[in-house]
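The values are calculated or read from the model by the stated rules, or taken from the named source; none is laboratory data. Keep in mind that this is a model prediction, so the values were computed, not measured. In this analysis, Cβ positions are derived from the backbone assuming ideal geometry, glycine residues included, and neighbour counts consider all displayed protein chains.
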């Protein structure tokens with residue numbers, strides 16, 4: 001992905017105020033007649049990221065937050081540590097390569113499994129575990145239960161995903177099960 005990095009930190013601070021505690025940008029100027037000083041800047045994309053147009057160029061708010069706080073744009077990509085693309089608090093942001101960012105993925109909504117890295121094999125009628133490392137899938141095996149497959153995924157993640165070794169567990173409701181997995185690793 002190509003990022004537009006044409007704005008400077010000085011120009012950014014002329015037009016927007018960034019609150020690092022909330023991650024919210026507000027306007028210091030009126031970029032259009034419909035925007036008032038103090039209004040929250042930007043809009044949400046379909047994927048949940050906030051985008052802000054400044055001087056005719058659209059920027060992702062998390063990249064602007066990084067520029068505002070550090071004085072430079074991120075070299076590569078950005079990762080929202082908690083997985084919420086609208087949470088642009090500086091403590092929730094970190095620079096990441098594409099491969100590193102993939103280590104912080106949540107399970108897909110349309111997945112048969114509630115666990116990331118686990119899928120149902122119709123052919124074998126078993127649960128399979130897989131992990132992606134450097135954009136390549138690694139097969140971890142077949143398991144009788146979804147939970148066993150997830151334990152295998154967590155063990156592999158701990159050793160192979162050094163940037164983000166612990167899964168986020170967005171769809172898992174059973175806190176005791178998560179605790180038991182962490183104890184086993």
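At a glance:
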read-out	value
Tally of residues being touching a strand residue (DSSP E or B) at 6+ places or on another chain (Cβ under 8 Å), in a strand (DSSP E or B) and closer than 24 Å to residue 77 by Cβ across the stretch 12-64	15
Residue in the stretch 83-93 that is surrounded by the most Cβ atoms within 10 Å (Cβ to Cβ), counting only those that are in a loop (DSSP other than H, G, I, E, B), in contact (Cβ under 8 Å) with a residue 60 or more places away in the chain and out of contact with any strand residue (DSSP E or B) (no Cβ under 8 Å at 6 or more places or on another chain)	89
Residue within the stretch 168-179 that is modelled with pLDDT under 60, buried (at least 16 other Cβ atoms within 10 Å of the Cβ) and in a loop (DSSP other than H, G, I, E, B) present	yes
Those residues of the stretch 8-27 which are without any contact (Cβ under 8 Å) to a residue 24 or more places away in the chain and surrounded by 15 or more Cβ atoms within 10 Å (Cβ to Cβ), in sequence order	17, 26, 27
